Each structure stands twice: as C-alpha cells, then as structure tokens.
1. Could you check how many residues of segment 622-639 are within 11 Å of the chain's Cα centre (by Cα) and either within 20 Å of Thr587 (Cβ to Cβ) or basic (Lys, Arg) (or both)?
2. Could you pull out the residue among Asp151, Asp145 that is modelled with pLDDT of 95 or more and buried (at least 20 other Cβ atoms within 10 Å of the Cβ)?
3. Would you confirm, using the coordinates I've provided, whether Val66 is part of a loop (DSSP other than H, G, I, E, B), modelled with pLDDT under 95 and within 46 Å of the chain's Cα centre (by Cα)?
4. Looking at segment 385-402 only, could you name the residues that are outside any strand (DSSP E or B) and out of contact with any His (no Cβ under 9 Å at 6 or more places or on another chain)?
5. Does Tyr314 count as surrounded by fewer than 16 Cβ atoms within 10 Å (Cβ to Cβ), among the aromatic types (Phe, Trp, Tyr) and modelled with pLDDT of 95 or more?
6. Please verify whether Leu41 is in a helix (DSSP H, G or I) and either modelled with pLDDT of 95 or more or under 20 Å from Asp151 (Cα atoms) (or both), treating the condition exactly as stated.
7. Test Met382 against the criterion of being touching a residue at least 24 places away in the same chain (Cβ under 8 Å) and assigned to a helix (DSSP H, G or I), and give yes or no.
8. How many residues does segment 546-560 hold that are touching a residue at least 40 places away in the same chain (Cβ under 8 Å), in a strand (DSSP E or B) and buried (at least 21 other Cβ atoms within 10 Å of the Cβ)?
Amino acid sequence: MLAVLPRCGGATGAEDGLTEGALTAVEQAALPASCQPQTSLDSRTLVPVGDGSVRSDQPDVNMSSVSTLYVDAAPTRYQSYLRFQLEGEGGELVQARLRLYAKQGTHTGLSFHPVTGSVYEPALTWNTRPAQGAAVTTVASVANDAWLTADVKGAVLDRHTFDLGVLPLGDDGAEFSSREASNVSRRPRLDTVYRYDWCTYRGSGTPSQAWAKTLGGTAREQARALLNLPDGSGFVLGGAYHDGPAQAGGAELPGPSGFLVARFNTAAQHQWSRAYGVGQPVSLEAMTVTPLGNVLVVGTYEGSPDLGTGALPYIAPNTPAVGMFVLKLSPTGNPVWARGFHAETRPGWAEGQVYTSIAVPTAVATDANGSVIVAGHFKGYMDLGGGDLYAGSMSESRDDSTRSLFLAKFDYSGGHQWSQAFYTVDEYTVASALATDAGGNIFMGGRGNNATLATPGLRVGTAFVARFAPDGTPVWGYGLKGGGIGRIRGLAALPDGGVAFAGGFNGTFTFQGQTYSSHDPTHDVRPDDGVFGTLTATGGEGWVRVLTTQPSGDVAEQVAVDGAGNIVVNGRVSAYTLDLGGGELGTPGLPQGGALRFVASFSPTGAHRWSRMLGSQVSDAFMAVSPDGSTRLGFTFEGSTPVGTTTFSSSGLTDMGLIQFNP
C-alpha cells in the first residue's frame, strides 16, 4: 500500500528506528511542471524465496533445508546466502533493510555483500557458492535472541532479484533463523521502500481543489452514485455497505448491510444521511434527483423488504429470481413511496408452470415534471402497470440466458405512464445509461442489437444510443458501426440537442469515415478499450476518442456536460500510464497500478482541456459537474491513496471519498 515517508538508516544490532536523512537526499524526478508531479512511497516486507549456508570443511554439502543460517570464520568457515524477489517495478528503490533473528549473536561482527550467480537452494554448496562483491555494510556485534537490522540497499544489483551474502568478520560465530524456521515470525525478511514520482494532472489551466472529505466507519462502504441538486444548493451521495454499521458524515447508520443516501451542501457539510433496507437483500443500482430535490432510487431485491412504505411483493430468496424496486425519497430522505415488480417465465402456462424470473433496473432518469424513467433488462414476461412486456421466445425457459431490455416511465406519484420492451438475442444485453434533455426527450444507451435501438443489421453486442420522445415514441437509434462489440455506459444531453456518450468497445468500428481498432480484438464478451464522443440531435456522428492502452481493460464510464458545453469524462485504464491528449499521466510500475482512474475535460469539439489521474487505489468513481464546470467526485477507496492534493486513508476495508475541483 502507499505509505507515508519512512525513516531509514544504516546497520545496527537491534531493530531500531530509521533516520530521516537518506530519503531527503533523493532528488525529485525530472517531470514537467505542467503535470503536477506527486511523490508516493510504497513500503513492502518481503520474505526470502531461497536461503542457505555453506561450510568449508564439507564443500559438497547442501544445508538449505535446515532451520538455521550459520556465519563463522573458525575453526570451520560458514557463510550464508539469501535470495529475495523484488516487487518494485518502475519505482526507485530508496530503502532495502535486511532483518535476521539472531538465535546466537556475535561480538566479532558480520559483513554484507552483493553476490552474482544463483542462490539456488537445491544446488547451494561451498563449491557452488556465488561470487561476492565488496561489502556494502558491516556490523560490529549482534546480541543473542535479538533482531539484526542492516541497510543493504547498496547490495541490490538487479531490479527483480536480490541475492545477498552474509560473511563473518571474526571467529565468534552467529546463528540466525532461516526461512525454514518453525516460528514464522522469526524468519528473515527484507523491508523495501520504493519511490514513485508521477504526473497527476495535465492541461493549460489547473483546476483548484475546493475541498475533500472521507466518509467511512467499520463497514465496507462503496459509492454508487453522486448527483448535484438542481437548485445548486448541494449534492446527494448514494452508497452501499456491508459487514457492519456505516458512516456517511452524520450519526452512525445501522448494520450489518443496506444502502444509504446522504445530502451535503456545496461545501460538503453533512445535512442528513439515512440507511434503507438494513440487513435485507437489497441493492442500489442507480439514482437520480428531481428538480424539486426528491431522490429516486432503483435497485433489486429478494424476499419482501420494507424500504419505509410497506413490504414489497415477495420474491423467493436464494433462487435465480430477483425483483426490482423503484423508491422515491423526499428532499429530507423520508420514503414517499416504493414499488416492487417481478418478471416470470411461463414454459407451461396451461399446466400452471410459471416461475419468477429476473427484473433488473440498471439506469434511472427524471424530467422537468419529476417523472421516473427506468431502463433495465428482464426475462420472460413483466408487467410494470401497462400490461405484459415480453422478452421473446429465447427467454421463456428457466434455463434460457437471453434477456431483453425495457424502458418505462412513471409519473411523480409512481403511476404507470408507458412501458415498452426491446427484444434481443444476447445474454449480455444491458441498458447502462439514461439521460433527458430540457424538452423531456429521453436518451438510452447500452449493449444490444434491437433494430429500434441500433442501426438495423448490426451484430449481437452492439454499443447503442437511442433517442425517444417524451411519450416513448422512438426517434432514432444509433449503433457503433463495425465488426466489434461494445457498451455505452454514460450519456449526457448537449445544449444543441445532441448527446455525449462514454463506454467501451472491442474489435473495430467506423466513425466519421475513420476506422478504430481495439488493442486486443479477440474478446467477444466484454469490451476491452474505451470510447467517448458525441452524436448530433438527429443521430449523426459528431466526434470520437478512443482509449487503447496495454494491456486491454479500458473503459469510459460516465460523461457530463457543463454550462458551456464542455464535456467531462471519467473512467479507468488497465495501465501504469495514460495520455488523454494533454500528455502522459502516471508512471511505469506505479504501486497498485494497472487500473488507473481518470477524469478529463474536453471542449465541445473534442479538444483536450485538462485531465487528471486519481489515486491508484480508487474504484467506483462517480462525478457530478456543475454549470460553471466545477467537478465533484464520489468514489470508493481502500488503504491510503492520494487524490488531488489530499491523501485519503480508510478506517475500514473500503471507505468513500468526496472531492471537488473548481474550474
């Protein structure tokens, strides 16, 4: 994990503290000033992958399986060797501290040497011992039943493997616990610290950090949504928690599990927080806020949980079935109403063979009237208030994996207005994103090849964006054109009537006459590279950008638009570095890297404005962008990780963080 600046020093005969001087002498890496460099230190304790002693009087004897390491000069000379596998790829090693437990100490001293050749246990003898270099440090004495600590950084010759020799300075021998010692706590170890200097920000103007806040208790809290209040007075956070009571800025929320909603003012001061479905099998899937500040939550459930307005219709637990709920909360968090729905398969309707199936809401939006617009997927048949929706013949059996999409609209009181289904033949079909514009038009995005949602004839697994009139009438459908698969995960309405999108793709697609290819086109289930861009009000192609770092695993997850039409995107890449158009962010080998979170802003025409890398242990990031361009983030993190100018430290396994960057 990322650590605070440690102390380091030379060899001693006891496990004492470290002095501060060695690290302050390390020069700052040469990074461009525009990248807002940040330094992190990664501290790790390693155990040897091999060790053993050799003796001069028995030059062919292998002693690697014994529980003791011997060092002595006379009458028989013993020398000991250790091998460690280093883990600091990309960083600068600033400390390597060997610790050995002395079962028997020495008053004539020891020396520590880099060795070349192999410390390979099965073949280690006096005759095959590796060649040794000059001593990098010595100790004059070691006490009995005490830890020896030695700074051996100078003996590290290779970035990946570290072989070390421990030799006697006199005839008073010493004995140390080896890696075969029965007492695990006394086995050898190597404490390392690596320094990483990395770019966190690129752009012509640096967004200042307004505030930062950590939320968390003993539970595992996870951010699930972040929405600005339409009147500009603050924002609301949605989250989930497990394994204990939760903390969202106010009084402790009861455990052991549930989902939470919390409201804050513009300075991130807590106003209220409440828990729902405590100890019940419920899951928050998506959330939005109406113009009057009511909070709309959609999710899944089993059993008959009470979310504050009475028990939901029963769904048998521990079966393949799952129901969906729609919950409305007042601006103060009080439950107003809740609706529960289920789907069912009817393989033998005439014989009474009816089974509860799955109904999963995956996105929710609202409009100027406070309507509830929900999208998701289901199998079999489902009635949301307007009669049966049908998922198609390939979802009629309990064993069928194919599912179809639905889109529905309810009024502010939960009354059904309209609902419709979109038949597909893909078990991975999903509606991941919803957005509405000022006129109440609806944009839906996801993965599917239904002709209403995407250009007819596109393959299974197409990334689509579709527009509907306020009454549900389809206006147009657009799918990424090509031989690949994809999924749109985020949508935001543009001031000119168009829509910005964010998601992932695999294979190839063509946009504005140019063909784009993913890094690894062989996968056909999940998208491997990121994509984001714009479509016009009529479904025409605007501009597009792709993320194709190595290895594959990139995705643009969310998109928002500020008052000037600038687009803000957040997502992740499975790489140590990324370039979103303003220059490289990150650094090779960043600890916990390989899954970097980013947030970036682009002009209405797609030009890079600024980009920022979030901490290396950040996940599940959600953003809310204000008309003036201020960007708020709610995210899940673990351990200790820097975001902006703040280092967040979790009190539980995972906590939630909040941060705001001004324009």
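The values are calculated or read from the model by the stated rules, or taken from the named source; none is laboratory data. For clarity, every value in this text was computed on a predicted model and none was experimentally measured. As a convention, Cβ positions derive from the backbone with ideal geometry for all residues, glycine included, and neighbour counts pool all protein chains shown.
1. Residues flagged as within 11 Å of the chain's Cα centre (by Cα) and either within 20 Å of Thr587 (Cβ to Cβ) or basic (Lys, Arg) (or both) within segment 622-639 amount to 1.
2. Details: Asp145 fails: buried (at least 20 other Cβ atoms within 10 Å of the Cβ).
Matching residue, one of Asp151, Asp145: Asp151.
3. Details: part of a loop (DSSP other than H, G, I, E, B): yes; modelled with pLDDT under 95: no; within 46 Å of the chain's Cα centre (by Cα): yes.
Criteria not met by Val66.
4. Correct list: Gly387, Gly392, Ser393, Met394, Ser395, Glu396, Ser397, Arg398, Asp399, Asp400, Ser401, Thr402.
5. Numbers: surrounded by fewer than 16 Cβ atoms within 10 Å (Cβ to Cβ): yes; among the aromatic types (Phe, Trp, Tyr): yes; modelled with pLDDT of 95 or more: yes.
The answer is yes for Tyr314.
6. No: the conditions fail for Leu41.
7. Working: touching a residue at least 24 places away in the same chain (Cβ under 8 Å): yes; assigned to a helix (DSSP H, G or I): no.
In short, no.
8. Residues that pass the stated criteria total 6.
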